[in-house]
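For reference, the structure discussed in these notes is given below.
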Amino acid sequence: MLGAANQALDRPGAPHLRLWQALTTLREHRGDGHVAVLVAHGLGPVAAMVLKAAAGESDPALLREGRRWDPADWRAAETELRERGRLDDEGRLTPAGAAVHTDVEAGTDAAAEQPWARLGRDATARLAGLLEPLARTVLKAGLIPAGNPVGLTGTLWNASRRPAGQE
């Protein structure tokens with residue numbers, strides 16, 4: 001819904017604003033598909049973040065603070081995921097939890113595929129190459145907290161997860 005709403009907006013005149021709006025539309029399109037896949041797997045918003053943290057994709061404190069999740073709600077989601085066999089007693093993914101995580105990510109990728117398929121493989125690679133210097137600049141400026149995957153892919157995402165000095 002948010003992807004469609006953003007797509008329906010008038011395109012700004014300034015090139016940098018058009019780029020921002022296009023990227024926002026793509027991000028929200030992916031997010032809409034991600035929410036649908038999470039719902040299909042019976043995962044609510046807090047449980048989804050706990051699963052993401054348990055998979056090692058994001059820092060749990062960053063997720064809790066950024067989304068302002070109540071600690072009691074976070075613990076309840078951890079308990080629910082343990083009871084469903086998705087987390088072990090230390091909060092790590094079980095094999096069943098890893099399978100759900102893999103299914104969610106694959107379903108999200110499939111749901112997000114249409115705009116990229118329409119753009120085509122070569123144009124998608126060109127766009128990624130054109131945007132990489134901008135993404136590096138934003139990452140280096142510290143505008144995106146380390147461990148936050150929004151807007152980062154491939155080597156940039158992997159580099160953002162390494163301790164300082166190991167880039």
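The values are calculated or read from the model by the stated rules, or taken from the named source; none is laboratory data. What you see is a predicted model, and the numbers here were worked out from it, not measured in a lab. Every residue, glycine among them, receives a Cβ derived from its backbone with ideal geometry; neighbour counts consider all protein chains shown. SASA here: full protein model, heavy atoms, side chains in, ligands and nucleic acids out. Shrake-Rupley method; radii C 1.70, N 1.55, O 1.52, S 1.80 Å.
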Q. Within the set of pairs 6+ apart or on separate chains, which have a first residue in segment 33-57 that is touching a residue at least 24 places away in the same chain (Cβ under 8 Å), a second that is hydrophobic (A, V, I, L, M, F, W, C) and outside any helix (DSSP H, G or I), and C-beta atoms under 7 Å apart?
A. Val46/Trp69; Met49/Trp69; Leu51/Leu43; Ala54/Leu87; Ala54/Leu93; Ala55/Leu93
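Restricting attention to segment 107-126, report how many residues are within 22 Å of His34 (Cβ to Cβ), open to solvent by 50 Å² or more (accessible area, probe 1.4 Å) and under 20 Å from the mean Cα position of the chain (by Cα). Please lay out each step first, then the result.
Taking segment 107-126 and keeping what is within 22 Å of His34 (Cβ to Cβ), we get 107-119, 124.
Applying the additional criterion that residues be open to solvent by 50 Å² or more (accessible area, probe 1.4 Å) yields 109-110, 113-114, 116-119.
After this cut, where a residue has to be under 20 Å from the mean Cα position of the chain (by Cα) as well, the list is 109-110, 113-114, 116-117.
Count: 6.
Condition first: under 30 Å from Glu80 (Cα atoms), touching a Ser or Thr at 6+ places or on another chain (Cβ under 6 Å) and not β-branched (Val, Ile, Thr). Now tell me which residues in segment 4-60 satisfy that.
Of the residues in segment 4-60, the ones under 30 Å from Glu80 (Cα atoms) are 27-60.
In the following step, the residues that additionally are touching a Ser or Thr at 6+ places or on another chain (Cβ under 6 Å) were identified as 33-34, 37, 52.
Matches in segment 4-60: Gly33, His34, Lys52.
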**Q.** Sole residue being touching a Gly at 6+ places or on another chain (Cβ under 8 Å) and basic (Lys, Arg), chosen from Arg30, Arg82, Arg64
**A.** Arg30
Q: Write out, first by first residue and then by second, each pair whose Cβ atoms fall under 9 Å of each other, whose residues are 6+ apart or on separate chains, and whose first residue, in segment 62-90, is closer than 10 Å to Met49 by Cβ while the second is acidic (Asp, Glu).
A: Arg64/Asp70
Q) What pairs can you find where one residue is in segment 8-24 and modelled with pLDDT of 90 or more, the other is in a loop (DSSP other than H, G, I, E, B), and their Cβ atoms are less than 8 Å apart, with a gap of 6+ or different chains? A) Arg18/Arg11; Arg18/Pro12; Gln21/Leu9; Gln21/Arg11; Gln21/Pro12
